[in-house]
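The values are calculated or read from the model by the stated rules, or taken from the named source; none is laboratory data. Please read these numbers as outputs of a predicted model, since none were measured by experiment. All Cβ positions, glycine included, derive from the backbone under ideal geometry; neighbour counts span all protein chains shown.
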Amino acid sequence: MSETATYTRALLVTTWLVTVLSTASLGARLFTRYWRFSKFYWDDLFVILAWILSIPMAAQVTVASKHNTAVRTHGAYQSLFLSRPITQVFFYNALWAVKISFLIFFRRIGVVALPGVKRYWNIVLALTIVAYTGGWLLNPYDCWVKKSVTICDRDAGVRRFTPIALTLATAFDVITDCLIVAIPFAILSHMRLQFRQKMILYSIFSFELITMLVAIVRVNLAARGIARDKTFQITLLLFLSHIEANTAIIVACAGTLRGLFTQKGERGATPAPWDSRPPNNDIVLPQRAPTAFATSLASAKKVSDEDITLTSDLHERRPSKPFESDIPIDRRHLLKKT
């Protein structure tokens, strides 16, 4: 077996092993979530979407390795399946689905209880949407419409701008990742957790650095190959894109286990360790001076025994809609005037 064949086979084996690992991670997440609540949440839906998009990305690596391993930068793609717009549909949507999933999950576990983090969350959400839109605006749509996708790969103007577009798109990806990863670190600083639990969570979310590193390596490889007009391995580029997306999926599944966000032994009835919703009393709110509004909220908390019973039922297993976005919250008290 030649060196090139061995190299290609190693990429394929790694590609499908990572796919199996992300599939197992997603399966464990969905099983434990349904076991505890008999329903799923919107963050689960976005992770499922990312996983669905990662499957054709693995197929792209397989097709590229068998039919078009080495592609000259001035040549057209031999297959529309491997073309730039199709690859972006899979890659961008998978990455941003994971980002939105993280944002929804962090909001659900306590962002709304921390005013400073909540404002930061809103800013990050807006920037994430802007970055997603910006990534698509970098494409040469005018050339695609007039000359077709394959012919545009040979266009001199498109080739000159492609390295810049790849660099900007990667910058959008890495910057939004950094902004999102900062949220759990801010939340953890306000949670009463054991030191070991915090270290585990810090380690899990630090794996997101792998996706950033892969993104940087991928764009450098592509930009240098295009700029120097040399032969480069499209299989390797697709492989790195697949690794980045699946690493994000695995981190999303591992980092949203409830047992890592809760202090064991604080409840009489201990929930399943993988419950995705930590109790609100695990979050340590900053001390504030009493205000009229705070007094109103405090008085509103004095409810009857019947209301307490009804509230406690919120954490019981019960059938409900297949997807829910948040913990049920009675917002009527928040609308009262002081």
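Residues that are in contact with a Cys (Cβ under 9 Å, 6 or more places away or on another chain) and either under 30 Å from T176 (Cα atoms) or outside any helix (DSSP H, G or I) (or both) within segment 135-148 comprise P140, C143, W144, listed in sequence order.
Scanning segment 39-86 for residues that are at pLDDT 80 or above and either outside the structural domain of Y141 (by TED's automatic domain parsing) or not in a helix (DSSP H, G or I) (or both) yields K39, F40, Y41, S83. Filtered by the rule that a residue be under 24 Å from L240 (Cα atoms) and among the charged types (D, E, K, R), segment 86-141 gives a lone residue, K99. A single member of R36, R29 is modelled with pLDDT of 85 or more and either in the same structural domain as T211 (by TED's automatic domain parsing) or more than 20 Å from H242 (Cβ to Cβ) (or both), and it is R29.
Against the criterion of being surrounded by 20 or more Cβ atoms within 10 Å (Cβ to Cβ) and among the small types (G, A, S), S22 qualifies. Those residues that are closer than 30 Å to D177 by Cα and surrounded by 12 or more Cβ atoms within 10 Å (Cβ to Cβ), I need them from segment 150-162; list them, please. Across segment 150-162, the qualifying residues are D153, V158, R159, F161, T162. Has segment 163-176 got any residue that is in contact (Cβ under 8 Å) with a residue 24 or more places away in the chain, more than 21 Å from F90 (Cα to Cα) and either in a helix (DSSP H, G or I) or under 18 Å from the mean Cα position of the chain (by Cα) (or both)? The answer is no, given that none of the residues of segment 163-176 is in contact (Cβ under 8 Å) with a residue 24 or more places away in the chain, more than 21 Å from F90 (Cα to Cα) and either in a helix (DSSP H, G or I) or under 18 Å from the mean Cα position of the chain (by Cα) (or both). Against the test of being more than 25 Å from the chain's Cα centre (by Cα) and not in a helix (DSSP H, G or I), the options R160, R154 yield a single qualifying residue, R154.
You will find that of A169, A113, A156, A126, the residue that is closer than 24 Å to Q60 by Cβ and small (G, A, S) is A169 and no other.
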